[in-house]
Amino acid sequence: MKAIVTVIGKDKPGIIAKISAFLAERSVNIEDISQTVLQNNFTMIMLVNLEGSTAKITDLAPEAHALGKEIGVEIYMQNEEVFNAMHKI
C-alpha cells in the first residue's frame, strides 16, 4: 500500500531527518519526495510505500501527527487512493 505524507510548518533544522528516521524505523520506504521553503515556511510531500512494514496506516498516521506536534510541524498521512480521489477534478 502507498500513502501520501504532507508536512507543513516553520522551517528549522532536522525536519526531514526526523521524519525520515520515523519512517525508516517502521520499514516504510520513501519512493518520492518534494520539499521547499517559502519565506521560512517549510512544505514537503512524500509518496511512501508501506509494503515492507508491519505497521498499518491507521497506526502510523496518528503517530506521524504526534511526531509533527513534537517537532513543531503538521504531518498528515493518507492512503494514496483516498488522497487521489479527494484531489480529482
Checklist entry - So which pairs qualify, if the first residue must be in the range 41-63 and farther than 16 Å from T6 by Cβ and among the hydroxyl-bearing types (S, T, Y), the second must be part of a strand (DSSP E or B) and open to solvent by less than 60 Å² (accessible area, probe 1.4 Å), the Cβ gap must be under 6 Å, and the two must be at least 6 apart or on different chains? => result none
Next on the checklist: What's the number of the only condition in (1) on the phi < 0 side of the Ramachandran plot; (2) more than 11 Å from the chain's Cα centre (by Cα); (3) modelled with pLDDT of 95 or more; (4) small (G, A, S) that S27 fails to meet?
Outcome noted: (1)
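The values are calculated or read from the model by the stated rules, or taken from the named source; none is laboratory data. Predicted model, so just to flag it, every value in this text is computed and none were measured. Reconstructed Cβ throughout: ideal geometry from the backbone, glycine too, with neighbour counts over all protein chains shown. Calculation scope for accessible area: heavy atoms of the full protein, side chains included, ligands and nucleic acids excluded. Shrake-Rupley method; radii C 1.70, N 1.55, O 1.52, S 1.80 Å.
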